[in-house]
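Below is one structure, written out as structure tokens, with a few remarks after it.
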Amino acid sequence: MLSSFVAAHGIDIYVERRGAGPPLLFLNGSGQTLAGVGPLLDMVAARFDVVAHDQRGLGRTSIPAGPYTMAEYAADAAAVLDSVGWSEARVMGISFGGMVAQELAVTRPERVSRLALLCTSPGGVGGASYPLHKLAALPDDERAAALTGITDTRYTPEWLADHPRDQALAEMLAGRRRGSADPEARPGELAQLEARSHHDATDRLGAITCPTLVACGRYDGIAPVANGEAIAARVPHAELRVYDGGHIFMLQDRTALPEVLDFLAED
């Protein structure tokens, strides 16, 4: 794995590159850093030359003064592509990363050769994801509990008691969401949530020109299936697949990640 910093738009963007194969840009979810998704990136890197970065305000990337815009996040992603000399790449965007991927694909369609949008929403009349910014002021334990309930709408205490594997997933997520925020990093996290709340690509999705897969979790309370359906209905020739799980269906449905990677690997 190679790491570097890319200077662009007045900030230093932390970038990692790993694997071999077709070029792929990975875009992470809300509040997520590369340090937290290393195992997932390793799985993707088994088939692709993967470039990923900590988005502005997060991880090892600079925390500029807000507010941030979705256009800025997309411009940062384009700068990362430039930094490795890629004129185009396959793009995999998860949750918030799927919003950034939409913004990149509608404003710079020539940079995206294939597109996978996972557990994400188009915004506007097409449907917004759950307003996570409204949970930001809750105490850690309350926020973690609320997030567990919308991560998978089946996740009641009774249901989890009967499903040990999902119980373990829920506890892992709760651990990440409880008291994990560095006070110095909090402004960047909040600025990202605010930018997320203004995401709206619905009326521009027709500008996406590449093969596109929209993947959803059947029990996702953050980015409901209806939002994925709205994306697929507006992106020319997009394919919609619904998996058995919630917002983390990639960890719940064993068929999901291999099928997404198969799609991205196609010529």
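The values are calculated or read from the model by the stated rules, or taken from the named source; none is laboratory data. Just so we're clear, the structure is a prediction, and the values are computed from it rather than from any experiment. Cβ sites come from the backbone with ideal geometry, for glycine too, and all protein chains shown count toward neighbours.
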Going through (1) farther than 24 Å from Thr202 by Cβ; (2) free of Cβ contacts under 8 Å to residues at least 40 places away in the same chain; (3) surrounded by fewer than 21 Cβ atoms within 10 Å (Cβ to Cβ) one by one, Ala78 fails only at (1)
Residue that is touching a Cys at 6+ places or on another chain (Cβ under 8 Å) and not acidic (Asp, Glu), where the choices are Arg186, Arg154, Arg241: Arg241
For the stretch 46-61, pairs from a residue that is more than 14 Å from Gly93 (Cβ to Cβ) to a residue that is of a type in the set (Ser, Thr, Tyr) and not in a loop (DSSP other than H, G, I, E, B), with Cβ under 8 Å and 6 or more apart or across chains, are Asp54/Tyr14; Arg56/Tyr73; Gly59/Tyr14; Arg60/Tyr14; Thr61/Tyr14
Would you be able to tell me the number of residues in the stretch 145-174 that are modelled with pLDDT under 90 and among the acidic types (Asp, Glu)? 1
Just need a number here: residues in the stretch 227-252 that are in a helix (DSSP H, G or I) and charged (D, E, K, R). 2
Per the filter on the stretch 202-242, residues acidic (Asp, Glu) and touching a residue at least 60 places away in the same chain (Cβ under 8 Å) are Asp203, Asp220
Run Asp200 past the list (1) acidic (Asp, Glu); (2) more than 19 Å from Glu103 (Cα to Cα); (3) in contact with a helix residue (DSSP H, G or I) (Cβ under 9 Å, 6 or more places away or on another chain) and report the number of the one that doesn't hold. (2)
Can you confirm whether Met99 is farther than 13 Å from Arg196 by Cα and buried (at least 23 other Cβ atoms within 10 Å of the Cβ)? no
Contacts under 9 angstrom Cβ, first residue in the stretch 107-126 being among the acidic types (Asp, Glu), partner outside any helix (DSSP H, G or I), 6 or more apart: Glu110/Ser87; Glu110/Glu88; Glu110/Thr209
On the given criteria, is Ala20 touching a strand residue (DSSP E or B) at 6+ places or on another chain (Cβ under 8 Å), surrounded by 19 or more Cβ atoms within 10 Å (Cβ to Cβ), within 23 Å of Leu257 (Cα to Cα) and modelled with pLDDT of 95 or more? no
So in the stretch 64-120, with the set limited to residues that are among the acidic types (Asp, Glu) and touching a His at 6+ places or on another chain (Cβ under 8 Å), which one is farthest from Pro22 (Cα to Cα)? Glu72
If we ask which residues in the stretch 135-164 are within 22 Å of Cys216 (Cβ to Cβ) and either touching a residue at least 24 places away in the same chain (Cβ under 8 Å) or in contact with an Asp or Glu (Cβ under 9 Å, 6 or more places away or on another chain) (or both), their number turns out to be 12
